[in-house]
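Worksheet for the structure shown next.
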Amino acid sequence: LTASGSFTVALDSSSPSYTLTAAGRTAVPVTVFRITATNEAIRLTDFPLKLTTTTGSSSPQDITKVTLWDGATKVGETVFVGLNYTTGSTPITDFIVPKDGSKLLTAKVDLAGQGTSQAGIPGSFIAVDWASSAPLSLGATIGYGVASGQRIEVTSGSATATAGVRVYRSYPTL
């Protein structure tokens, strides 16, 4: 017997490959997370994100907004504030992972414009990942057991090193 369920987070194999994109675009898919519940269905309520910068070529100012999607339904929205590379707690609504099953959560970004008096930096690399080690003070990954009603913080997960997108003011297409 268990008092409540648990859940894990991982990068899904359907996450987009590295690509080029134009500045100013909206709803650009960057990451697909696989949330897996064990022992009971989990209602996900908080999901912290981070802007991963391995090359120093990205900044929170390159993104105007991040949205989270359950298929075609938007379930969350957040922003990177100031120079913070972590969003803290991203509120999620109506996202229930089935008992002993998995569900996909897709992160999409709205990109800042690039050019004179624009916030975006040409050539920036955007990779939005799960902030797996976010402490409760910054907004841990939290869900609630549908059957037990218990608050459950993520029990385990793996790094979600997404492939990311490279953003330019424009780029040629052939």
Exactly one of 111, 105, 11 is surrounded by 15 or more Cβ atoms within 10 Å (Cβ to Cβ), of a type in the set (A, V, I, L, M, F, W, C) and in contact with a helix residue (DSSP H, G or I) (Cβ under 7 Å, 6 or more places away or on another chain), and that one is 111
Restricting the search to segment 97-116, which residues are in a strand (DSSP E or B) and within 30 Å of residue 170 (Cα to Cα)? 105, 106, 107, 108, 109, 110, 111, 114
Looking at segment 97-125 only, could you name the residues that are touching a residue at least 60 places away in the same chain (Cβ under 8 Å), closer than 19 Å to residue 20 by Cα and hydrophobic (A, V, I, L, M, F, W, C)? 107, 109, 111, 112, 121, 125
Could you tell me which numbered condition residue 143 fails, if it satisfies all but one of (1) modelled with pLDDT of 90 or more; (2) surrounded by fewer than 22 Cβ atoms within 10 Å (Cβ to Cβ); (3) more than 11 Å from the chain's Cα centre (by Cα)? (2)
Working only within segment 58-85, note down all residues that are open to solvent by 50 Å² or more (accessible area, probe 1.4 Å) and of a type in the set (S, T, N, Q). 61, 64, 73, 84
How about segment 34-73: which of its residues are under 24 Å from residue 22 (Cβ atoms), at pLDDT 95 or above and among the hydroxyl-bearing types (Ser, Thr, Tyr)? 67
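Residues are listed down the side, and each one gets a yes or a no for (1) polar (S, T, N, Q); (2) over 18 Å from residue 50 (Cβ atoms); (3) within 16 Å of the chain's Cα centre (by Cα); (4) modelled with pLDDT of 95 or more:
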site	(1), (2), (3), (4)
95	no, yes, yes, yes
117	yes, yes, no, no
126	no, no, yes, no
133	yes, no, yes, no
138	no, no, yes, no
160	yes, no, yes, no
166	no, yes, no, no
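The values are calculated or read from the model by the stated rules, or taken from the named source; none is laboratory data. Just so it is clear, the model here is predicted, and its values are computed rather than measured. For neighbour counting, all protein chains shown are included, and Cβ atoms are generated from backbone atoms with ideal geometry for every residue, glycine included. Remember, those area values only see protein heavy atoms, side chains included, never the ligands or the DNA or RNA. Shrake-Rupley method; radii C 1.70, N 1.55, O 1.52, S 1.80 Å.
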